[in-house]
Structure formats: structure tokens, C-alpha cells
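The values are calculated or read from the model by the stated rules, or taken from the named source; none is laboratory data. All values reported here derive from a predicted model rather than from experimental measurement. Note that we place each Cβ from the backbone using ideal geometry, even for glycine, and neighbour counts take in every protein chain shown. For the accessible areas, the whole protein counts, side chains as well, though only heavy atoms, and no ligand, DNA or RNA atoms are used. Shrake-Rupley method; radii C 1.70, N 1.55, O 1.52, S 1.80 Å.
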Amino acid sequence: MSDKWLPARVVENRHWTEALFSLRVEGAPLAFEAGQFVRLALDVEGERVARPFSFVNPPADPAHEFYGIVVPDGPLSPRLAQMRVGETLYVAGNPAGFLVLSELPDAQSLWLISTGTGIAPFLSILRTEAPWRRFRDVVLVHAVRHARELVYQELIRPMKQLRYVPIVSREAAPGALSGRIPAAIADGRLEAAAGVRLAAETSQVMLCGNPQMLKDTSALLIERGMRKNRRRTPGHITVESFW
């Protein structure tokens with residue numbers, strides 16, 4: 001069966017840095033759950049080239065927003081980053097992914113731990129009612145190399161109930177932890193900054209980002225008595241990776 005592709009018109013292309021961009025598009029009505037992803041595509045030299053992108057927008061928003069990074073010499077991302085308002089791309093008609101709150105058991109605290117563009121699905125989740133209704137404490141961790149990559153501050157800062165912990169690895173940044181996520185978990189700095197325990201008895205953890213972070217952080221959490229969350233055997237750790 002051939003893929004169903006929906007044309008969508010670019011209404012905004014925001015550049016955060018030379019490599020980071022956000023596309024906002026209209027015209028592709030889709031039903032999805034916050035935290036899911038969908039494939040975006042362009043026709044390149046006679047071939048439809050597609051890559052997965054998480055929704056930044058909540059499901060109730062009729063315009064869809066996607067946050068990406070330019071992969072040098074990649075077939076798609078450099079072209080998406082250069083798109084102008086009014087131009088058309090294609091959105092697959094089948095959003096997917098299990099990085100969604102409906103897959104999580106109940107807990108006291110929800111930890112949303114991300115690197116780079118992995119923050120996208122968590123921004124979608126945080127803009128729905130579900131996390132605030134289901135969890136006493138909601139923590140967003142976003143790790144980047146440089147402070148200018150701490151994007152979407154205009155969405156994050158007004159969320160007064162959110163415990164936001166930025167981490168910057170390659171420069172000193174006011175208000176941010178230094179180093180990387182696994183080290184901040186291991187030495188206790190992450191829990192201290194959030195003011196919330198990261199424990200199997202109280203926590204659900206969602207991870208999205210680069211493969212090394214996912215591997216190392218999962219290993220540390222398993223050492224703390226947590227296990228991967230699966231439908232047949234509910235646990236504490238839910239992971240998404242596009243790499």
C-alpha cells in the first residue's frame with residue numbers, strides 16, 4: 001500500500017541558530033497524540049525524501065510545528081531549513097510513536113529528559129492538560145552544547161508549575177548545570193536542581209535525544225531499580241530515538 005502524503009504550506013520558518021530551525025505549517029489535518037512524530041518529505045531529484053520529526057505543537061493546534069537541525073550534506077534538512085513562507089512540503093498521514101503519556105503508569109513525578117531537538121515531543125506534551133492533571137511534579141531537562149541552543153524559552157518560562165533544568169556542556173551558562181545528563185544524575189546535581197527525587201518508587205522517566213545519552217541514562221536509571229516501560233510489563237523508562 002502506498003503512503004498517504006498530505007500537502008502542507010509553510011507559514012513560518014524560524015531560525016534559532018545557523019543549524020537549528022522550526023517550521024510551522026498549515027493544511028495537513030492530522031490526529032495524533034502529544035509526543036508522537038510524523039515523517040516530513042520533499043521531492044528531491046524525482047524522489048520523495050522523508051525523515052521523522054516530532055510535533056512541537058499540541059494536538060489541539062491546527063497548525064503543526066516541527067523543530068529540526070541541519071545535517072550537513074543531508075538530502076532533506078538543509079532544504080527544509082531554507083523553505084520560504086508559502087512553499088509546500090508533504091506530511092505523512094500516519095503519525096506514530098510511543099513517547100506518549102497514555103503509555104505511562106501513574107506516578108508522583110514525571111521526568112522529561114532530552115538533548116538537542118529531542119525536546120520537541122516534550123513541548124507538545126507540556127502544552128496539554130494531561131501532565132499537570134496526572135503528576136504532582138513535572139520536570140523538563142534539556143541538555144545542549146551552547147546556551148543559545150536552549151530554545152523555546154517563550155513557551156517554557158511561563159509554565160510556573162514546571163521544574164525546568166537546562167544543562168549546557170561546552171560553556172558556562174547562568175542558571176544552567178554544566179556537563180552532561182548522566183553525570184548530573186550520578187552526582188546528584190540533577191535532582192538537587194529540580195528539587196525532586198528521581199526514584200523508582202515515585203518517578204516516570206521519558207527520554208528523547210542522542211543515542212549515547214539514551215544508553216547511558218537508561219543504564220543509570222536501571223541501576224536505581226527502574227526498568228523499561230512496556231505494555232505487558234509496565235516500568236519506569238520510556239525512550240524515543242530517531243537516530
- May I ask you to say which residue of GLU149, GLU129, GLU191, GLU171 is surrounded by 15 or more Cβ atoms within 10 Å (Cβ to Cβ) and over 24 Å from GLU223 (Cα atoms)? GLU149
- Task: Would you be able to say whether some residue in the stretch 93-102 is touching a Pro at 6+ places or on another chain (Cβ under 9 Å) and of a type in the set (Ser, Thr, Tyr)?
- Result: no
- Note on the structure: Scanning the stretch 226-243 residue by residue, those of a type in the set (A, V, I, L, M) and in a loop (DSSP other than H, G, I, E, B) turn out to be MET226
- Quick one: which residue in GLY35, GLY27 is modelled with pLDDT under 95 and on the phi > 0 side of the Ramachandran plot? GLY27
- Message: Give me the helices (runs of 4 or more DSSP H) completely within the stretch 114-186, filtered to those with at least 2 residues that are within 20 Å of HIS15 (Cβ to Cβ), ordered by residue number.
- Response: 120-126, 153-156
- Query: If ASP73 satisfies every condition in (1) crowded, with 16+ Cβ neighbours inside 10 Å; (2) at positive phi but one, which is the exception?
  - Reply: (1)
- Task: Kindly provide the set of residues from the stretch 45-70 that are open to solvent by 40 Å² or more (accessible area, probe 1.4 Å) and farther than 21 Å from ILE119 by Cβ, ordered by number.
- Result: GLU45, GLY46, GLU47, ARG48, PRO62
- Item | Counted residues, the stretch 157-175 - those being closer than 25 Å to SER109 by Cα and in contact (Cβ under 8 Å) with a residue 24 or more places away in the chain | 9
- Note on the structure: Note on the stretch 197-225: residues assigned to a loop (DSSP other than H, G, I, E, B), buried (at least 16 other Cβ atoms within 10 Å of the Cβ) and in contact with a Leu (Cβ under 9 Å, 6 or more places away or on another chain) are LEU198, ALA200
- Quick one: what pairs do we get from the stretch 69-84, first residue closer than 19 Å to GLY209 by Cα, second among the polar types (S, T, N, Q), C-beta under 8 Å, 6+ apart or different chains? ILE69/SER77; ILE69/THR117; VAL70/SER77; VAL71/SER77
- Taking the options SER114, SER124, SER109, SER102, name whichever one is out of contact with any helix residue (DSSP H, G or I) (no Cβ under 9 Å at 6 or more places or on another chain) and hydroxyl-bearing (Ser, Thr, Tyr). SER124
